[in-house]
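Working notes, beginning with the structure itself.
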C-alpha cells in the first residue's frame, strides 16, 4: 500500500486572517448572485451578502496593516476581488434592468483599464498601490451598488445623484492613474499628492 504524500506547506505568509477575509469575500460572490436572481426576501439576502462582503474589504486591509500581515498575495488579490464583487453586482443589476447599462460599462471599462495599467506598471517595477482617489472611488461604487440593491423605495431619489458622483470619482481616479503612468512617475506618489 502506497503512503500518501502530505501536501506541501503553504508559503508562511499566505494563510493569514486578512487573506482569509479576502477569499471569503470572493466566495460570497456566487451566493450574492444567486440571491440577486430571485425576488422577495432573497433581495434582502442579496443586499446583506453584498454589504457583508464589502465590509470585509475594510476589515481585511485594516487587519493586514495592524497585525503586520501584509502579503504580496493580499496586495494583488484584494483589489482584484473588489473588482469581481462590484463588477458582478453591476452586471447582474444591469441585466435585470435595475442599473443603467451604460454606467456599468463605463465603470467596468475604467476597472479593466486600470487593472491593465497596474499589470504594466508592475512589469516595469513601478509602484502601483491604491491611491486616496481610488479608495474614494471604491467606497462610492460600493455605496451606489448598495442603494441600487436596496429593495426599499425610500432610497430611490438618491440613485441618480449618487451614480453621478460615483461616475465622477471613477473616471477621475482612472484618469489620474493614467496621467501618472504616462508621465513615468511612481503612480502611487503622484496620485496621492493630488
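Among 102, 44, 133, what is the fewest-to-most ranking by other Cβ atoms within 10 Å? Mind dumping the intermediate values first?
Numbers: 102 10, 44 14, 133 19.
Placing the least packed residue first, the sequence is 102, 44, 133.
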Check: How do 131, 58, 88 rank when sorted from fewest to most other Cβ atoms within 10 Å of their own Cβ?
Finding: 58, 88, 131
Next item on the list: Note the listed values (1) 1.00; (2) 1.02; (3) 1.35, then indicate which one is Rg/Rh (Cα atoms, Kirkwood Rh) calculated from this particular structure.
Entry: (2)
Checklist line | Extension reserve of the residue 42-residue 14 stretch, reckoned as 0.36 nm per residue once the Cα distance is removed | finding: 6.7 nm
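Please state the equivalent ellipsoid semi-axes for region 8-94: what are the square roots of 5 times the Cα gyration tensor eigenvalues, largest first, in whole Å? Mind showing how you got there, number by number?
Working: eigenvalues 152, 28, 24 Å².
Those come to 28, 12, 11 Å.
Fewest first, what order do 114, 160, 147, 45 take by the number of other Cβ atoms within 10 Å? Spell out each step's value before the answer.
Details: 114 24, 160 10, 147 19, 45 16.
Exposure proxy ranking, most exposed first: 160, 45, 147, 114.
Normalised by the residues of the chain, what does the relative contact order come to in percent, with Cα pairs under 8 Å and at least six apart? Walk me through the numbers before you get to the answer.
On the way: 181 pairs, mean separation 41.0, N = 194.
Normalised by residue count, the contact order of the chain is 21 percent.
What FRET efficiency do you get for residue 124 and residue 76 if R0 is 22 Å and r is their Cβ-Cβ distance, rounded to the nearest 0.05?
On the way: r = 16 Å, r/R0 = 0.73.
Calculated value: 0.85.
Computed from the coordinates by the stated procedures, all read-outs in this text should not be read as laboratory data. This is a predicted model, so every value here is computed, not measured. No Cβ is skipped: glycine too gets one built from the backbone with ideal geometry, and neighbour counts run over all protein chains shown.
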